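See below for the structure under consideration.
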Amino acid sequence: MKVGTVSIIGLPNAGKSTLLNALAGMKLAIVSSKPQTTRTLVQGVLTEPELGQIVFADTPGIHKSDSIFNQRMMRTVRSSLSNLDALIYVVDSRRYIDDEQRQALDVLKNVEVPVILVLNKIDLIGKKVKLIELLTAYQQIREFTSYIPVSAASGEQVEVLKKEIFKHLPEGELIFPEDHVTDQPSRFLAAEMIREKLLDATQQEVPHSVAVFVEKWEETPKITRVAATIYVEKEGQKRIVIGKGGSMIKEIGTLARQEMETFFEQKFFLELFVKVRPDWRENVEFLNELDWRRMASGSSLDEK
Ligand SMILES: Nc1nc2c(ncn2[C@@H]2O[C@H](COP(=O)(O)OP(=O)(O)O)[C@@H](O)[C@H]2O)c(=O)[nH]1
Ligand SMILES: [Mg+2]
């Protein structure tokens, strides 16, 4: 058996979370076109009975950090670069190498494990020639262990990538039971599903300003009762999230509940509240509470 830990890093919107979901065969990380969708480390475990086990860590996009919150995200990215067996660097194949990309690639400087360059979103590029040009350009910056074009969205070439990753992992015993998919607590996964619906429904600064926290998770034989609070930074944002006569919050609640019911395979009663919390992005205690790695584990997926 081959077993190892693999981090997925790259610029915001490259498709890291979509790739994690494709590799894990399950939607564990939320995805959106808005930057900073992924705010913390997202763990996904892939077990292939014939091949072994990969523990993936999806990470926030590499970006300039200004607020305490952003600095934390970058700390998460950096910490994901140690204690690992291989690294996946994801790029959007439509995008040429610019200064932002060059600076981001700097984080690979001291990485000694194999680094696989994943050229993602090949479903969006017309000519194969372009891909070869791009690949050559990356090769001039750094020699990667391998170069794999994929479409995380359609799944094209994802199997090829899987095999390539396994090639670089050491022999070992499975770390987790075969059916283990993630360490993230259910209440965190649910909060993320709610946040994803909020990201889809809002624009401009609102997506950045929302945080979701599940306050209550009560399982009964028939239904699971969940109460969650959506934190925003300003009164105006609260009005936007609630919508005319509560229309927006109702819609978000319905969509999130449906996703929770499909994912956890149980019925939910979901209550949403909206609260204003100015400057929560600078509030260390609040940020600690949001982090699933510090959360009281509550009910986990494995207990399902
Ligand atoms: N067409 C296409 N879109 C993709 C692909 N991978 C990701 N996306 C889209 O790109 C956006 C960012 O994806 P996400 O996984 O959240 O990127 P991340 O910020 O790197 O985690 C989302 O709108 C995805 O649906 C792909 O292979 N093809
Ligand atoms: Mg992401």
Which of the residues spanning segment 17-31 are part of a loop (DSSP other than H, G, I, E, B), open to solvent by 20 Å² or more (accessible area, probe 1.4 Å) and within 12 Å of ligand 1 (Cβ to nearest atom)? K27, V31
Determine whether segment 42-63 contains at least one residue that is among the charged types (D, E, K, R), surrounded by fewer than 23 Cβ atoms within 10 Å (Cβ to Cβ) and under 13 Å from the mean Cα position of the chain (by Cα). no
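Can you tell me which residue among I116, I54, I62, I68 is within 12 Å of ligand 2 (Cβ to nearest atom) and either over 29 Å from E259 (Cα atoms) or touching a helix residue (DSSP H, G or I) at 6+ places or on another chain (Cβ under 7 Å) (or both)?
Matching residue, one of I116, I54, I62, I68: I62.
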Residue that is farthest from ligand 2 (Cβ to nearest atom), among those in segment 73-93 that are in contact with a Pro (Cβ under 9 Å, 6 or more places away or on another chain) and in contact (Cβ under 8 Å) with a residue 24 or more places away in the chain: D85
In segment 174-190, which residues are open to solvent by less than 40 Å² (accessible area, probe 1.4 Å) and not in a loop (DSSP other than H, G, I, E, B)? S186, F188, L189, A190
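The values are calculated or read from the model by the stated rules, or taken from the named source; none is laboratory data. What you are looking at is a predicted structure, and each value in this text was computed from that prediction instead of being measured. Here Cβ is always computed from backbone atoms with ideal geometry, including for glycine, and neighbour counts include all displayed protein chains. Please note that ligands, DNA and RNA were not included when accessible areas were found on the heavy atoms of the full protein model with its side chains. Shrake-Rupley method; radii C 1.70, N 1.55, O 1.52, S 1.80 Å.
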